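Down below is the structure, laid out as structure tokens.
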Amino acid sequence: MKIKNWFLDVLKGGSLGLGMIPGVSAGTMGLIVGIYDRLITGIANLKKEFKKSLISLIPLGIGAVMSAVICMLGVNYGLDYAPFAIISLFAGLIIGSLPVITKELKGVKPNVKSVVVVVIGAVFAAGIGILSAVAKLNNWGNFEAAFIAGDWWIYIAVFAAGFIAAMACIIPGISGAMLLFVAGLYDPCVHIFVGENSIIHNSARLVSGIFLTLSLLVGIAAGFILTSKLMKSLLAKHHDGTYLAVFGFILGSLVSMYVNQSMINDSLVWKYTLVQPWEWVLGIVLLVGFAVLFFFLSKLALKKQAAIPQKEETEPASK
């Protein structure tokens, strides 16, 4: 691989790191920059063609990690200073991504079964965020405190979160970071590396932080490797049902973006009660603005995805 192409792949891989922003789908970004098929194929073929797949994935992975770190820092500080505005930005990204899902549901006629599937997906997603908030308010479970203390069960939760987030990235339109956020696990995961109690500033957390990081990485790797083929099979055999559930989940996640334990401070006070008037206005502007922006980006991704089969079909004829 030429050096120029290698660095170009690193830049393209950076688009995947934007998936660290809740509401941004790494799958959608991969489609926009034209690396989605290559990414999925590389992961799926790791066992059969390990060296070739690894060489193809390394620059993408480097770019993704670098971009993810930058996004992680930005989101962390943004949530500290303007939580409602940043959450509204995330919600706008989610709304703008809906064409990626609704495109898959063209021709699906509304009936009792389809409505039930959508409602179940919506209730499940909304319930995750609401239950995480209720748990913190009633001292049933504080993920942040458990992360800092290094409680044994948090390692399982982090592994599961990484697994599910990676699985979600297989479906364009779903944000893995969004799933972490609605479950109240986004901030604790970020705070392993950023903030006063991070492994960088608090040496007492070094051991637990390293093992939590490993749990997350192993969960992500397992999620990608074990579900890349499974999700393809599921979408092939139960396409409409899968996307109906995904559509419902996305709608429900809009509730959980605003209602989850990350939106409750250590004094058990909702952060929204501290919001200034200017932030309410900014939040609405960001919600609408990023919904429109990502709507057009999603449409662009769909056009590029539709052009891929046509290109493959025309290539033999040109030879």
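The values are calculated or read from the model by the stated rules, or taken from the named source; none is laboratory data. These numbers were taken from a predicted model, which means no experiment stands behind them. Heads up, the Cβs are rebuilt from the backbone with ideal geometry, glycines too, and the neighbour counts pull from every protein chain shown.
For the range 195-239, the set of residues classified as out of contact with any Leu (no Cβ under 6 Å at 6 or more places or on another chain) and among the β-branched types (Val, Ile, Thr) consists of Ile200, Val207, Ile210, Thr213, Val218, Ile220, Ile225, Thr227, listed by residue number.
Looking at Lys109, is it charged (D, E, K, R) and more than 19 Å from Asp240 (Cβ to Cβ)? Against the criterion (charged (D, E, K, R) and more than 19 Å from Asp240 (Cβ to Cβ)), Lys109 does not qualify.
Per the listing Ile199, Ile148, Ile210, the residue uniquely out of contact with any Phe, Trp or Tyr (no Cβ under 8 Å at 6 or more places or on another chain), crowded, with 16+ Cβ neighbours inside 10 Å, within 25 Å of Leu79 (Cα to Cα) and not charged (D, E, K, R) is Ile148.
Are any residues in the range 135-158 within 25 Å of Ile94 (Cβ to Cβ) and at pLDDT 75 or above, and if so, which ones? Show your work before the answer.
Pass one, the range 135-158, residues within 25 Å of Ile94 (Cβ to Cβ): 135-137, 143-144, 157-158.
Result: Ala135, Lys136, Leu137, Ala157, Val158.
In the range 236-249, what residues are under 18 Å from Lys113 (Cα atoms) and part of a helix (DSSP H, G or I)? First the steps, then the outcome.
Of all residues in the range 236-249, those under 18 Å from Lys113 (Cα atoms) come to 237-249.
Scanning the range 236-249 gives Lys237, His239, Asp240, Gly241, Thr242, Tyr243, Leu244, Ala245, Val246, Phe247, Gly248, Phe249.
Being closer than 30 Å to Val69 by Cβ and of a type in the set (A, V, I, L, M, F, W, C), is that true of even one residue in the range 111-130? Working first, answer last.
Quick first cut of the range 111-130, residues closer than 30 Å to Val69 by Cβ only: 125, 128-129.
Keeping just the survivors that are of a type in the set (A, V, I, L, M, F, W, C) gives 125, 128.
Among the residues of the range 111-130, at least one is closer than 30 Å to Val69 by Cβ and of a type in the set (A, V, I, L, M, F, W, C), which makes the answer yes.
Consider Ala68 carefully, then state whether it is buried (at least 19 other Cβ atoms within 10 Å of the Cβ), modelled with pLDDT under 85 and either out of contact with any His (no Cβ under 8 Å at 6 or more places or on another chain) or of a type in the set (Ser, Thr, Tyr) (or both). Steps first, please.
On the way: buried (at least 19 other Cβ atoms within 10 Å of the Cβ): yes; modelled with pLDDT under 85: yes; either out of contact with any His (no Cβ under 8 Å at 6 or more places or on another chain) or of a type in the set (Ser, Thr, Tyr) (or both): yes.
Against the criterion (buried (at least 19 other Cβ atoms within 10 Å of the Cβ), modelled with pLDDT under 85 and either out of contact with any His (no Cβ under 8 Å at 6 or more places or on another chain) or of a type in the set (Ser, Thr, Tyr) (or both)), Ala68 qualifies.
The residues of the range 213-255 include none that are buried (at least 20 other Cβ atoms within 10 Å of the Cβ) and among the basic types (Lys, Arg).
Can you say whether Ile156 is assigned to a helix (DSSP H, G or I) and surrounded by 15 or more Cβ atoms within 10 Å (Cβ to Cβ), as far as the supplied structure shows? It would help to see each step written out before you state the result.
Details: assigned to a helix (DSSP H, G or I): yes; surrounded by 15 or more Cβ atoms within 10 Å (Cβ to Cβ): no.
No; evaluated as a whole, the condition is false for this residue.
For the range 88-106, the criterion of being farther than 25 Å from Val292 by Cα and either part of a helix (DSSP H, G or I) or at pLDDT below 80 (or both) is met by none of the residues. Pairs are defined by a Cβ separation below 6 Å, a sequence spacing of at least 6 or placement on different chains, a first member in the range 203-221 that is in contact (Cβ under 8 Å) with a residue 60 or more places away in the chain and assigned to a helix (DSSP H, G or I), and a second member that is crowded, with 19+ Cβ neighbours inside 10 Å and of a type outside the set (Phe, Trp, Tyr); the pairs so defined are Leu212/Val158; Leu212/Ile192; Ser215/Val158; Gly219/Gly162. In the set (1) within 17 Å of the chain's Cα centre (by Cα); (2) assigned to a helix (DSSP H, G or I); (3) closer than 19 Å to Ile86 by Cα, Gly184 fails one condition alone, (2).
For the range 90-134, the candidate set comprises residues that are hydroxyl-bearing (Ser, Thr, Tyr) and crowded, with 20+ Cβ neighbours inside 10 Å; within that set, the residue that is nearest to Ser262 (Cα to Cα) is Ser132. Against the numbered list (1) among the β-branched types (Val, Ile, Thr); (2) in contact (Cβ under 8 Å) with a residue 24 or more places away in the chain; (3) assigned to a helix (DSSP H, G or I), Val115 comes up short only at (2).
Remark: pairs (first residue in the range 37-59, touching a residue at least 40 places away in the same chain (Cβ under 8 Å); second residue among the polar types (S, T, N, Q); Cβ separation under 7 Å; 6+ apart in sequence or on different chains) = Ile40/Ser228; Ile43/Ser228; Ala44/Ser228; Leu46/Ser53.
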